[in-house]
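What follows is one structure encoded as structure tokens, with my remarks underneath.
Every number here is computed from the coordinates shown, using simple stated rules; none is lab data. Given the structure is predicted, the values throughout are model-derived calculations rather than measurements. Please note: Cβ atoms are built from the backbone with ideal geometry, for glycine as well, and neighbour counts cover all protein chains shown.
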Amino acid sequence: MRDADRARFDELFEAVFNELPEGIRERFEAVPVVLDDVPDRALLEELACDADDLCGLHTGVPITHRSVEDTPTLPDVINLYRVGIVAAAGGWSVHTDSVGLVRGGPQAVREEIRVTLLHELGHHFGLDEDDLERLGYQ
């Protein structure tokens, strides 16, 4: 990813994050968000996917699966992947896709950041893919 696109993405991320309700933003105090261009090669191989396919990943133990008897683990982390999010949004430029849908542009990237951020936070709180789909964060 070019530096200009990375800076553009990061500005959108900051705006999205700051627009979240305070109660939601506070939840991120327990789970940091790391912005990366793409996942590392080992993760892509493990998940059998391409960099364009992965928008985010929650790493850690969901709080609904924790116990006071657990042995200490590494802290939870939410990774957001710039390349995957921009690809899922349809790119930086607004265009009409092959089926006639308008896709892409900064607003679409912004919305994909919001959905991905809340999706991964949902995993932190123990929601699975079906739960997140019902809530519209898929």
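Entry note, the chain: relative contact order of 26 percent, from Cα contacts under 8 Å with a spacing of 6+ residues. Counting 0.36 nm for each residue step from ASP128 to ALA42 and taking away their Cα separation leaves a gain of 28.6 nm. Exposed loop sites here are trypsin sites (Lys or Arg not before Pro) assigned a DSSP state other than H, G, I, E or B and surrounded by at most 15 other beta carbons within 10 Å; excluding them, the longest clear run of the chain is 67-138. Secondary structure note: in the chain, about 60% of the DSSP beta bridges are antiparallel.
Quick check on the exposure proxy: order ASP3, ASP128, ASP36, ASP50 from fewest to most C-beta atoms within 10 angstrom.
ASP3, ASP128, ASP50, ASP36
For the range 1-41, GluC sites (Glu not before Pro) are listed when DSSP marks them as loop and at most 10 other Cβ atoms sit within 10 Å of their Cβ; the list is GLU29.
The mean sequence distance of close C-alpha pairs (under 8 Å, at least 6 residues apart), as a share of the length of the range 91-138, puts its relative contact order at 26 percent.
Relative to the longest principal axis of the Cα atoms of the chain, helix 3-19 runs at roughly 60 degrees.
Over the residues of the chain, the helix contribution to mean residue ellipticity at 222 nm works out to -14000 deg cm²/dmol, using -39500 (n - 2.57) for each DSSP H run of at least 4.
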